[in-house]
Each structure stands twice: as C-alpha cells, then as structure tokens.
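Q: Questions regarding the structure given below will be posed in turn.
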Amino acid sequence: MPNLSELNFEERTPVIFRQSSGAKTGEIPCRISHGSWESLPAQVASWVKAQIELCQPDSLHIIDGSISEEIRLKEQLVKAGVIIPLPKYENCFLTRTDPKDVARVESKTFISTPEKIETVPPTAEGINGTLGNWMAPEELDEKVKQKFPGCMRGRTMYMIPFSMGPVGGPLSKNGIELTDSCYVAISMSIMTRVGSRVMDCVRKSGEFVKCLHSVGKPLTPGQKDVMWPCNPEETMIAHRPHSSEIISFGSGYGGNSLLGKKCFALRIGSALARQQGWFAEHMLVMGLKKHDSEERRYVCAAFPSACGKTNLAMLNPTLPGYDVTCVGDDIAWLRFDNEGSLRAINPENGFFGVAPGTSDDSNPIAMQTIFKNTLFTNVAMTDDGGVWWEGMTEEAPAHLIDWLGQDWTPDSGKKAAHPNSRFCAPAENCPILDENWEDPQGVKIDAILFGGRRPEGVPLVSESLNWQHGVFMGAALKSEATAAAEHKGKMVMHDPFSMRPFFGYNFGHYLKHWLDMGAKHSATVPRIFMVNWFRKSSAGKFLWPGFGENVRVLDWIMRRCDGYEDIATKSPIGYIPTEESLNTEGLGNIDWAQLFSTPRDFWLDEVSELRQYFKQQVGYSLPQEIQSELDALEKRFNA
Ligand code: GTP
Ligand code: SPV
Ligand code: MN
C-alpha cells in the first residue's frame, strides 16, 4: 500500500448548501440546510437532536429522496472533486477512497449486549474467537464518548430515512441514518428506498433503527478537506441489537458506512429474526423457469463475500429453454408463511457489486445494469471517461488512471482497479429483474444453496440428506479469503452460512434457530444443497467453467426439487448427481471423476478439523444436532 502522505490527494473546499429553510433556534441545535425540522416526528426529532448535540455538525440536511435533491447533491460533490463524472455513460460517477479505507474491517466490528454469551459462543482456553466481537455496553458508551463529541464539526449531517424492503411492506423495516458523508447519502439513495415516504411510515409506526455514522474527521474553521476523509486508526462499527442501534465511526466504505446493508439487514436483522421467528441471511435470491413449465421456481444461495452471489443472481443461462430472473444479489429476509412455505424478500434496492471479473462474458446482465445512474468506487478510469477493471476486457487499455488516481499502463506491474472495487447501481436497471421482486409477501423458495471457494475435495454439487444435515452443511461452510474484508492471502477460512462477519448474535444460538424453524415446518422446508464452482485440477485449473454454465447445476437441483429420485446416488457427504443426469452437452471435456470425487482422506481431515473448530469456537453453544451430524458424517466414511 502506498503511504497516504505520498499521494497527491487533491484538496477541496467543504460542501456547503445554499438552500436554507430554517435559522438556528433554541430548539434546533444547528442550521437546517435542507428540509423542515418541524415536520419530524417527535421521537425522531429528540434522537436527532441528541446526535447533533454530540457530533456538532455545522448544518443538517434532511434527505427527501427527490430527483432534484439528488442532482444538487451530485453537483456539489462534483464541484468539490469528491466524485468524478464519467461522460461515457448516463449519470455515472467515480469515487476514489483513501487507500487505507477499501473494505469492511471485521476486526473492528462489534456487537454490544449485556451478556457476552448472547453475542459470541464460548471459545476454548487461549483461543481467539472468530465468530464476532463482543463489547460490553459500558465500554461502548465510553468509546462513543471518546470518538463522537464534535466529530462532525465543519461538516453537514445528512439525515437519511430509509426502508429495507418495499416501503410500508409487512416484512419491511425502517431506519434513519445520520452521516457526515454525502457519498454515503447518495449511495444509500441507490441501495435503499429513502426519503419523505419512509418518514411517513416512521411517523405511523414510531419504530426505526437508529444508525449513526461519521467519517471521524472534523474540520476546523477554514481547514481544507481531503477527497476521502476517514479515520482508520479510530474505526469502529458497533451494534446494539437490544435497542436497534448502529454506531459507525472512521470508515466511509461499503458495509462499514452504508448502514442499511450489513449492519442493519444482517446483524440487527438476524437478532430481530431470531426473536420474531424469521431469518436474515447473506443470500442472493433468483428465479428460474423452464420454458415448458408453468411455474417459476426460486432459489436462494449463501456464498461468502466475493464468491459469486451477484454472478449467480444475474446468471445468463447457456442452456436453451431457461429463463432466469433476479430478486436480489446479497441479502434475503426469509419467513415461513401461513401455508408453511418459506418466502424471501430482498430488503435492498440496488447492487453494491464486485467490479473486477465482471465482463460481457462472465456477467453480461451486470454489464447491462451498471452503466446508468451508477456510482463506481476504486475502479480505473479510461481516457474517454469510462471505467475499467481487471477482467472487464481481455486486453487492458493502453492508458488508464488507476484507482489511486495515477497514470497506469499495462506494464505498470500493478492492478488498475482495487480488487474490492465496486459498482453501486439501482436494482431497476437490471434487465432481468423479477416481476415479483418487490412483492411485499416475498417469493416462495424451493431450494437453499451453500457454497464457497473450495479448490479441493468439495464436489460441484451435492444435496443434503435432510434439513438437519443441510444446516450442518451451512455450519461447515468454508472458503478461500477474498478482498471484501481485511484478510490477506488465499487461506481457506470458516465462513458458516457465509455469515461469519455478519452474525448479530451467538452462532450456536443461530444454528439452534435454524434447526428449530426447520423442525416446526418439516413438511414444507426447502431442500438444501452445497455447490462449489471453484474446484481445481491437480494442474491448478478450474474444473468447471462456471458463470452461465452454472444453469446446468440449477437444472439438476430443480429436477431434484421436482422429486426425481434416480438422478442422484447417495455418497457419504450427501446425494450426488449420476453421471448422465447433469446436462454437460456441448461443454467439451469435463473431468467428471475429479469434479465429483469425495476423497476419503480429505473428508476425514475435514471432519477432524471441523471437530476442532466447533470445540474451540462454539463450545457448549453448539447444538447437539450439529455434533451428531459431524459424528454421522465420519461414520459414513468409515462404514
Ligand atoms: P459480495 O458482494 O462481496 O457479497 O460478493 P458476491 O458473492 O456477490 O460476489 P460476486 O458475484 O461479485 O463474485 C465475484 C468473484 O467471483 C469474481 O472474481 C468472479 O469472477 C468470481 N465468480 C463468480 N462466479 C463464478 C463462477 O461460477 N466460477 C468462477 N470460477 N468464478 C466465479
Ligand atoms: C460483502 O462484503 O459481503 C459485501 C460488500 O457485500 S460490503 O457491503 O462492503 O459489505
Ligand atoms: Mn455481501
């Protein structure tokens, strides 16, 4: 990483809004630069007032969600040099972050509950927990007192009323984010439904998740701002599930600052879901229809960060006769309805997707989604005012401005786009958006998939023996680390349910919740599958072409859901396709034996590693059922 002080970070003047609807009065602790203080519901006003007193911004901008507001905010940001217009596309912009603020920071993310056991399972003596970080409420109070007083001085506080899920829907929930980052305000307007109509809901229900965010860099009078203010040394992303509060300091990036996403929809969401009998999951939701069938089937899939959710959610089927639709690419809220069917909504309103690797070949649907009304972060810029990243075209352009704002040529010997560079695009841009994607009741789920990057041992697809075994598969999920968080290198890490960074409560209790919900609805639960697009040959090449070809695996999964028994054989790890049953027509050479083998040595090692993991990381919080599944797996290999 280059040293920040060596970079030519363009200085800028702070964003100031000219429009003003109110003067400083006794009641309002700062200038209101946009919106009306009087119109705020009482509970909202009292909370906001307290946060203004704490953070001491110069002014408050109440986001109304109108187009004219969006245009004005973007104009201001362009003038200040914070976002750069991309004239090659329609209403698209580029941001470059501070190179120290490029991904989620799991090590600085905390859940605060009175009892530690509510948040994290007990670890074995001398072992560091990897399933979340707990902070005592008093300690969090103390941290807030250290970090927040005056943290927004010289800046505008944006107040963003937002809804996760269709506004006013029975499964939807409201939040209000206060932030001193206009980039966050604009991104939240893409990723969630924002503005006055949400405030109307809050007024009716009186309920909202309280989200406070600051980049943690106050300005003294006259001080010039930097392009991407942040405070990496002081970064903290904290959650109080008991009072539905999120407190984030020091980072402006993605999941650290767009608080509706991981903080609300997953961490606070999962804690609420447990209390209220539903699930909040790191899952895509997609629809699949065969042209000769009446019904569209829906699948949700939990893959760890940067492991293929956006790609599967927007799959472009290579088999003729299939039609794929997208409901969501990152988060699903799932609930059993009165008939016992599991139904999913996508609480988000946009895609915050990984840019590198996205191309007309790998994900043409994403390519049709992201060149209108999109905000790019940390990608490279082309000479004609477009964007580029590794994998977008086979050949790199002869000249670019890289993600650090420096000249780049193919022989620079470094990446032009940051590996975790992202596009932030409205869902409505997606040409295959499902017609029911905003159905407030959600879509009916037929299958749940788990998957990660497993170079060895794990076959392309297997089906669990039953719900309990499927929950075990989710609990045992592992994947190679990616650039979505601060982990380095390619080590295979545990990422149970692809939720390791996002659990809002004790993982053992989470597993119990999954088991209990399944037992309650045993007659109607979806089937559970494990997939692995990333298995490699001994020569280190992917054994499976992936991307659009993954429809072949979905096709097999759908036939299993239709009750076709003779297309699978039972292996010790679950049901595996018979060789003729997976359509591989036209794929050329597929090494079936390598792709589907379940090597005994590998799996016995896996069992003993899992045994140690559960013992060291989950301890007595581990449900007995999961222990039994592990024992049974070992037994099947020794039978
Ligand atoms: P988050 O937004 O971080 O939660 O990630 P995501 O799960 O949506 O990840 P995404 O779909 O953006 O995956 C990004 C990476 O996975 C890119 O490097 C892709 O090239 C790679 N990828 C996705 N699908 C496949 C596949 O089927 N095969 C292979 N080999 N790579 C894939
Ligand atoms: C992930 O890391 O899983 C993401 C990106 O979806 S972020 O919103 O930054 O968490
Ligand atoms: Mn994600």
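Q: Do any strands (runs of 3 or more DSSP E) entirely within the stretch 274-328 hold 3 or more residues that are within 13 Å of ligand 1 (Cβ to nearest atom), and if so, which?
A: Fully inside the stretch 274-328 and qualifying: 284-290, 297-302.
Q: Being in a loop (DSSP other than H, G, I, E, B), under 18 Å from THR97 (Cα atoms) and either touching a helix residue (DSSP H, G or I) at 6+ places or on another chain (Cβ under 7 Å) or open to solvent by 10 Å² or more (accessible area, probe 1.4 Å) (or both), is that true of even one residue in the stretch 370-379?
A: No, the stretch 370-379 has no match at all.
Q: Here is a check on your reading of the model: is SER248 outside any helix (DSSP H, G or I) and either open to solvent by 10 Å² or more (accessible area, probe 1.4 Å) or among the polar types (S, T, N, Q) (or both)?
A: yes
Q: Within the bounds of the stretch 485-498, is there any residue that is touching a Cys at 6+ places or on another chain (Cβ under 8 Å), touching a residue at least 12 places away in the same chain (Cβ under 8 Å) and closer than 27 Å to GLY287 by Cα?
A: yes
Q: Any residue in the stretch 522-546 that is touching a residue at least 40 places away in the same chain (Cβ under 8 Å) sitting within a Cβ distance under 8 Å of a residue that is assigned to a loop (DSSP other than H, G, I, E, B) and among the acidic types (Asp, Glu)? List the pairs, counting only those 6 or more apart or interchain.
A: Partner pairs satisfying both residue conditions: THR524/GLU339; ARG535/GLU456; LYS536/GLU456; SER537/ASP591; LEU543/ASP591.
Q: Counting only residues that are surrounded by 20 or more Cβ atoms within 10 Å (Cβ to Cβ) and hydroxyl-bearing (Ser, Thr, Tyr), how many does the stretch 402-440 have?
A: Total meeting the criteria: 1.
Q: So which residues in the stretch 320-348 are open to solvent by 10 Å² or more (accessible area, probe 1.4 Å) and within 15 Å of ligand 3 (Cβ to nearest atom)?
A: The answer is ASP330, and nothing else.
Q: Return a yes/no flag: does the stretch 144-161 have any residue that is under 21 Å from the mean Cα position of the chain (by Cα) and crowded, with 17+ Cβ neighbours inside 10 Å.
A: yes
Q: For the stretch 397-505, which fully contained strands (runs of 3 or more DSSP E) count at least 2 residues that are out of contact with any Asp or Glu (no Cβ under 7 Å at 6 or more places or on another chain), under 30 Å from PRO577 (Cα atoms) and within 16 Å of ligand 2 (Cβ to nearest atom)?
A: Here the list reads 443-451, 492-494.
Q: Now for a separate question. Out of (1) assigned to a loop (DSSP other than H, G, I, E, B); (2) surrounded by 11 or more Cβ atoms within 10 Å (Cβ to Cβ), what's the single condition that is false for ASP566?
A: The failed condition is (2).
Q: Inside the stretch 621-639, can you point out the residues that are assigned to a loop (DSSP other than H, G, I, E, B) and buried (at least 16 other Cβ atoms within 10 Å of the Cβ)?
A: Result: LEU622, PRO623.
To keep it simple, each residue is scored yes or no on (1) modelled with pLDDT of 95 or more; (2) within 25 Å of TRP403 (Cα to Cα); (3) among the aromatic types (Phe, Trp, Tyr).
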position	(1), (2), (3)
LEU7	no, yes, no
GLY22	no, no, no
LEU54	yes, no, no
ILE63	yes, no, no
GLU69	yes, no, no
LEU73	yes, yes, no
VAL78	yes, yes, no
LYS88	yes, yes, no
GLU115	yes, no, no
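Q: Exactly one of (1) over 29 Å from GLU339 (Cα atoms); (2) touching a Leu at 6+ places or on another chain (Cβ under 8 Å); (3) in the same structural domain as TRP603 (by TED's automatic domain parsing); (4) charged (D, E, K, R) is unmet by ARG454. Its number?
A: (2)
Q: Please determine whether any residue of the stretch 355-366 is on the phi < 0 side of the Ramachandran plot, outside any loop (DSSP other than H, G, I, E, B), more than 15 Å from ligand 3 (Cβ to nearest atom) and open to solvent by less than 40 Å² (accessible area, probe 1.4 Å).
A: Yes, there is a match, as at least one residue in the stretch 355-366 is on the phi < 0 side of the Ramachandran plot, outside any loop (DSSP other than H, G, I, E, B), more than 15 Å from ligand 3 (Cβ to nearest atom) and open to solvent by less than 40 Å² (accessible area, probe 1.4 Å).
Q: Is it the case, given these coordinates, that PRO170 is open to solvent by 20 Å² or more (accessible area, probe 1.4 Å) and modelled with pLDDT under 95?
A: It is true that PRO170 is open to solvent by 20 Å² or more (accessible area, probe 1.4 Å) and modelled with pLDDT under 95.
Q: Tell me which helices (runs of 4 or more DSSP H) are completely within the stretch 99-202 and hold 3 or more residues being in contact (Cβ under 8 Å) with a residue 40 or more places away in the chain and among the small types (Gly, Ala, Ser), or say none if there are none.
A: Qualifying helices (runs of 4 or more DSSP H): 182-191.
Q: Identify the residue in the stretch 482-516 that is within 15 Å of ligand 1 (Cβ to nearest atom) and of a type in the set (A, V, I, L, M) and, among all such residues, is nearest to LYS116 (Cα to Cα).
A: Restricting to residues being within 15 Å of ligand 1 (Cβ to nearest atom) and of a type in the set (A, V, I, L, M), the top hit is MET499.
Q: Let me ask something additional. Give the residues of the stretch 203-230 that are over 19 Å from ALA185 (Cβ atoms) and in a loop (DSSP other than H, G, I, E, B), sorted by residue number.
A: GLY206, GLU207, THR220, PRO221, GLY222, GLN223, LYS224
Q: A further question on this structure: Restricting to the stretch 253-284, name every residue that is more than 25 Å from MET159 (Cβ to Cβ), open to solvent by less than 20 Å² (accessible area, probe 1.4 Å) and over 13 Å from the mean Cα position of the chain (by Cα).
A: SER270, ALA273, TRP278, PHE279
Q: With respect to TRP228, determine if the residue is closer than 19 Å to ASP180 by Cα and either aromatic (Phe, Trp, Tyr) or without any contact (Cβ under 8 Å) to a residue 12 or more places away in the chain (or both).
A: Yes, satisfied.
Q: Still on this model: Of all residues in the stretch 530-553 being among the charged types (D, E, K, R) and assigned to a helix (DSSP H, G or I), which is nearest to ligand 3 (Cβ to nearest atom)?
A: GLU549
Q: Output the residues belonging to the stretch 475-514 that are away from ligand 3 (no atom under 16 Å from the Cβ), within 27 Å of TYR564 (Cβ to Cβ) and open to solvent by less than 10 Å² (accessible area, probe 1.4 Å).
A: TRP514
Q: Residue by residue through the stretch 34-75, note down the ones that are among the polar types (S, T, N, Q), open to solvent by 20 Å² or more (accessible area, probe 1.4 Å) and either in contact with a Leu (Cβ under 8 Å, 6 or more places away or on another chain) or more than 20 Å from SER205 (Cβ to Cβ) (or both).
A: Once the filter is applied, which keeps residues that are among the polar types (S, T, N, Q), open to solvent by 20 Å² or more (accessible area, probe 1.4 Å) and either in contact with a Leu (Cβ under 8 Å, 6 or more places away or on another chain) or more than 20 Å from SER205 (Cβ to Cβ) (or both), the stretch 34-75 yields SER36, GLN51, GLN56, SER66, SER68.
Q: Do you know which of the residues in the stretch 336-350 that are in a strand (DSSP E or B) and in contact with a Gly (Cβ under 7 Å, 6 or more places away or on another chain) is nearest to GLY165 (Cα to Cα)?
A: For the stretch 336-350, the residue satisfying everything is ILE345.
Q: From the list GLY308, GLY287, GLY277, exactly one residue is away from ligand 3 (no atom under 14 Å from the Cβ) and over 21 Å from ASN436 (Cβ atoms). Which is it?
A: When all the criteria are applied, what remains is GLY277.
The values are calculated or read from the model by the stated rules, or taken from the named source; none is laboratory data. Computed from a predicted structure; not experimentally measured. Cβ coordinates were reconstructed from backbone atoms using ideal geometry, including for glycine residues, and neighbour counts include every protein chain displayed. For accessibility, only protein heavy atoms count, side chains too; no ligands or nucleic acids. Shrake-Rupley method; radii C 1.70, N 1.55, O 1.52, S 1.80 Å.
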